[in-house]
Amino acid sequence: MSVAKKEYKRITTKTLVDMKKKGEKISMLTAYDFTMAKIVDSAGIDVILVGDSASNVMAGHETTLPITLDQMIYHAASVVRAIQRSLVVVDLPFGSYQSDPKEALRSAIRIMKESGAHAVKLEGGKEIKESIKRILNAGIPVMGHLGLTPQSIYKFGTYTVRAKEDEEAEKLKEDALLLEKAGCFAVVLEKVPAKLAKEVAESLTIPIIGIGAGNGVDGQVLVTHDMIGMTHEFHPRFLRRYLDLYSEMTGAFQRYSDDVKSGDFPNDSEQY
Ligand code: KIV
């Protein structure tokens, strides 16, 4: 059992800030359904992200843009029903917060009320500052997300590393500070140089959770289906695969099919 699992019965946003103070790293994984969330929670993962990566992983879309607020709420409510210890953070999907702060608040309220989740995550810095403030003023905890922000993929044009040039790195540092000052309890930094991510983590008091942002940050997040190898066509450098479930599952399905077709399944002890 992990050290954190023994020490913290229930993870809150305050727990995460305290963990950073004590130099304890934070573990975060995605989940979009009850069964996966139950396993992730019981393994002692600190934060479960109901990411809009559900758009890719669950629905097979090429980007995160198509997923709707109703669909995110459905996934989030399924996850919340499974958890006992993890903090559940839910992505506000593309189109549910960018047009104005009132709409952003309405979307965040729907997520909290209809799913029972504990916090929301929004992509962006200065340009969404007023929306973040309005959500925070309503008492809803906010996690920021900077660096490679997949909802802006058509602006970036590519999924390569962000903030390699000074100008973008400076803007990222300013945005991270702005998110902390606004009251965010943590920030995800996606696919940025490790040196820059470490600098940001050291300059803020709120936790920085990295994905492709090196080891100098306060915690790590991965998409669960990638790290357990259920997906197998995605090979970014930052991804460590802990299982090869694609092969395991394909093998199991093939053996089942063979057993059905040969008449071996069900056998005498598998029937009434
Ligand atoms: O949607 C998601 O899964 C995310 C993580 C990649 C951080 O935002």
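Mind checking which residues of the stretch 47-71 are near the ligand (Cβ under 10 Å from one of its atoms), closer than 13 Å to VAL223 by Cβ and not polar (S, T, N, Q)? Of everything in the stretch 47-71, those that are near the ligand (Cβ under 10 Å from one of its atoms), closer than 13 Å to VAL223 by Cβ and not polar (S, T, N, Q) turn out to be LEU49, VAL50, GLY51, ASP52, ALA54, VAL57.
In this entry, TYR246 is excluded by the filter for residues that are among the aromatic types (Phe, Trp, Tyr), more than 16 Å from the ligand (Cβ to nearest atom) and out of contact with any His (no Cβ under 9 Å at 6 or more places or on another chain). Screening the stretch 196-223 for residues that are outside any loop (DSSP other than H, G, I, E, B) and among the acidic types (Asp, Glu) and picking the one that is least open to solvent (accessible area, probe 1.4 Å) gives GLU199. There is at least one residue in the stretch 239-247 that is more than 21 Å from THR35 (Cβ to Cβ) and not polar (S, T, N, Q). Check the stretch 237-244 and report whether any residue there is outside any loop (DSSP other than H, G, I, E, B) and of a type in the set (Lys, Arg). No, there is no match, as no residue in the stretch 237-244 is outside any loop (DSSP other than H, G, I, E, B) and of a type in the set (Lys, Arg).
Of all residues in the stretch 204-228, those that are β-branched (Val, Ile, Thr) and more than 11 Å from the ligand (Cβ to nearest atom) total 5. Scanning the stretch 21-41 for residues that are of a type outside the set (Lys, Arg) and in a loop (DSSP other than H, G, I, E, B), we see that the one that is surrounded by the most Cβ atoms within 10 Å (Cβ to Cβ) is ALA31. Checking each residue in the stretch 160-182 for being open to solvent by 30 Å² or more (accessible area, probe 1.4 Å) and not in a helix (DSSP H, G or I) picks out THR160, VAL161, ARG162, LYS164, GLU165.
Taking the conditions exactly as written (modelled with pLDDT of 95 or more and within 16 Å of the ligand (Cβ to nearest atom)), does LYS121 satisfy them or not? Considered against the rule, which asks whether it is modelled with pLDDT of 95 or more and within 16 Å of the ligand (Cβ to nearest atom), LYS121 comes out as yes.
THR231 meets the conditions (1) outside any loop (DSSP other than H, G, I, E, B); (2) open to solvent by 20 Å² or more (accessible area, probe 1.4 Å); (3) more than 11 Å from the ligand (Cβ to nearest atom); (4) assigned by TED's automatic domain parsing to the domain that holds SER55 in every case but one. The failed one is (1). If you check every pair at least six apart or on different chains, which have Cβ atoms under 6 Å apart with a residue in the stretch 126-148 that is away from the ligand (no atom under 15 Å from the Cβ) first and a residue that is of a type in the set (S, T, N, Q) second? Within 6 Å, the pairs are PRO141/THR13.
Please work out which one of (1) closer than 24 Å to THR205 by Cα; (2) touching a residue at least 60 places away in the same chain (Cβ under 8 Å) is the condition ALA31 fails and give its number. Going through the list (1) closer than 24 Å to THR205 by Cα; (2) touching a residue at least 60 places away in the same chain (Cβ under 8 Å), ALA31 breaks only (1).
The requirement of being farther than 28 Å from GLY125 by Cβ, assigned by TED's automatic domain parsing to the domain that holds ALA186, more than 15 Å from the ligand (Cβ to nearest atom) and part of a loop (DSSP other than H, G, I, E, B) is satisfied by GLY44. How many residues, within the stretch 155-184, are without any contact (Cβ under 8 Å) to a residue 24 or more places away in the chain and under 16 Å from LEU65 (Cα atoms)? Qualifying residue count for the region: 4.
The values are calculated or read from the model by the stated rules, or taken from the named source; none is laboratory data. Since this is a predicted model, take the numbers as computed values, not measurements. Here the Cβ is made from the backbone with ideal geometry for all residues, glycine too, and neighbour counts use every protein chain on show. Just so you know, the surface numbers come from the protein's heavy atoms only, side chains and all, with ligands and any DNA or RNA stripped out. Shrake-Rupley method; radii C 1.70, N 1.55, O 1.52, S 1.80 Å.
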